[in-house]
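Single-structure report; data block below.
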Amino acid sequence: SSCCAATKVPPVCRAMALVSVGGYEEPAAKRARMMQLAPQLHNELVAVQGVNRKSGLQAPTMLLTGHEAEINSVEFSPNGRHVATGSFDKQIFLWNVYGDCENFTVFKGHGNAVLEVHWSAEGDVLYSCSADQSCAVFDVEKGVRLKKLSGHTAIVNSMQVARRGTPMMVSGADDGTTKLWDLRVRRCVHTWEHQYQILSVTFDDTAERVFAGSLDDNIYVYDVRKRCEEPMMELAGHADSITGLDVSKDGNYLLSNSMDQTIRLWDIRPFYAGPASRRCMATLQGCVHNFEKNLLRVRWGPDDKWCAAGSSDRMVNVWDVQARRLLYKLPGHTGSVQEVAFHPNEPIVASASSDKTVFMGELGD
């Protein structure tokens, strides 16, 4: 897409230098004068890194532009080579992570805002949910939509796919339902009903339980195997709507982002001895929700040491979960940060914002 571009963002420490062939270096004043006389010379400069680079990104920070409206979701592919973004412009873009970060595929098919996107474990399929009351399945190789999953009667706020086992998807919507989809036959196989909107959903590590975060401040845990109508457990403690959920890679802990301005860490191990009320292990401060009431997500890092969350204060927030402290508060966006995703293999985060852009940047130690 010709309107899409990736821009290197030079940090203060990134130095540019003229490298002369004969070993003689021009004096700074003369060099500056040469630059004024021949601006095209600027393109011939060799970039000399002033700091030790931590990743394979072309520059420490890359800016991805091309979406025509706010970006709600971002996720790296399992192999880390591509990143997917879903936007209010009804489109899903696929970008290269390395090199010039070209936008190489645009998926169309949703009739309204795309609210969440996720890759399959193999990286060959992309799943999404939308305000058009549907979910969708896209073939990454062919660049086409394979299936539209209809059944919800209102905005579908969130979806997630099972990490392993039977290919399944869960979705949550403003119609108060949490739906379980069998991706082999691509249809809904169970619906859990609730009187309030469901804003965020996820599976546990083995896809035996579904977590649904609601407008009524609670997280409801449903049994995928028994499929009882009533939740098997409720996680209560937040004082406002739950906008984001994510289960740790080891499957033991759940993170929740809430409009009460906190992120909570929950122990979700099945054989936990105490009552559900004691499952909340920690509360992390730092993310901000405002009058826009955006669906700000939360995501674990690849090794469960760090987590990151969206925030309406335009900052990318990264926490050390074990130390329970805020590590990074990264500026750059001019609008609310909706979601922050971690690269699977390198210290890179990608942030999706209502300012229509995505930043990809490398983190330090």
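The values are calculated or read from the model by the stated rules, or taken from the named source; none is laboratory data. Just so it is clear, the structure is predicted and the values come from calculations on it, not from any experiment. Neighbour counts are summed over all protein chains in view; Cβ atoms, including those assigned to glycine, are modelled from backbone coordinates with ideal geometry. We work out accessible area using only protein heavy atoms, side chains counted, and drop any ligands, DNA or RNA first. Shrake-Rupley method; radii C 1.70, N 1.55, O 1.52, S 1.80 Å.
The set of residues in segment 89-104 that are closer than 18 Å to residue 70 by Cα and more than 15 Å from the chain's Cα centre (by Cα) comprises 89, 90, 91, 103.
Tell me the residue from 189, 170, 201 that is open to solvent by 30 Å² or more (accessible area, probe 1.4 Å), of a type outside the set (D, E, K, R) and part of a strand (DSSP E or B), please. Don't jump to the end; show me each part of the working.
Details: 170 fails: open to solvent by 30 Å² or more (accessible area, probe 1.4 Å); 201 fails: open to solvent by 30 Å² or more (accessible area, probe 1.4 Å).
Testing whether each residue is open to solvent by 30 Å² or more (accessible area, probe 1.4 Å), of a type outside the set (D, E, K, R) and part of a strand (DSSP E or B) leaves just 189.
Each residue in segment 44-102 was checked for being at pLDDT 95 or above and of a type in the set (Lys, Arg), and 2 of them qualify.
All of (1) within 29 Å of residue 6 (Cβ to Cβ); (2) at pLDDT below 95 hold for residue 184 with one exception: (1). Could you tell me whether any residue of segment 147-163 is within 18 Å of residue 299 (Cα to Cα), of a type in the set (Val, Ile, Thr), open to solvent by less than 60 Å² (accessible area, probe 1.4 Å) and at pLDDT 95 or above? Yes: segment 147-163 contains one or more residues that are within 18 Å of residue 299 (Cα to Cα), of a type in the set (Val, Ile, Thr), open to solvent by less than 60 Å² (accessible area, probe 1.4 Å) and at pLDDT 95 or above.
Of the residues that make up segment 329-336, is at least one within 18 Å of residue 247 (Cα to Cα), open to solvent by less than 30 Å² (accessible area, probe 1.4 Å) and free of Cβ contacts under 8 Å to residues at least 60 places away in the same chain?
We begin by selecting, within segment 329-336, every residue within 18 Å of residue 247 (Cα to Cα); these are none.
No, segment 329-336 has no match at all.
Of all residues in segment 88-112, those satisfying the criterion of being open to solvent by 20 Å² or more (accessible area, probe 1.4 Å) and among the hydrophobic types (A, V, I, L, M, F, W, C) are 88, 104, 106. Residue-level analysis places residue 80 outside the set of residues that are open to solvent by 10 Å² or more (accessible area, probe 1.4 Å), on the phi > 0 side of the Ramachandran plot, part of a loop (DSSP other than H, G, I, E, B) and touching a residue at least 24 places away in the same chain (Cβ under 8 Å). For segment 316-336, the set of residues classified as of a type in the set (S, T, N, Q) and assigned to a strand (DSSP E or B) consists of 317 only. Filtering segment 218-238 to residues that are at pLDDT 95 or above, open to solvent by 10 Å² or more (accessible area, probe 1.4 Å) and within 11 Å of residue 258 (Cα to Cα) leaves only 218. Restricting attention to segment 232-279, the residues that are hydroxyl-bearing (Ser, Thr, Tyr) and in a strand (DSSP E or B) add up to 5.
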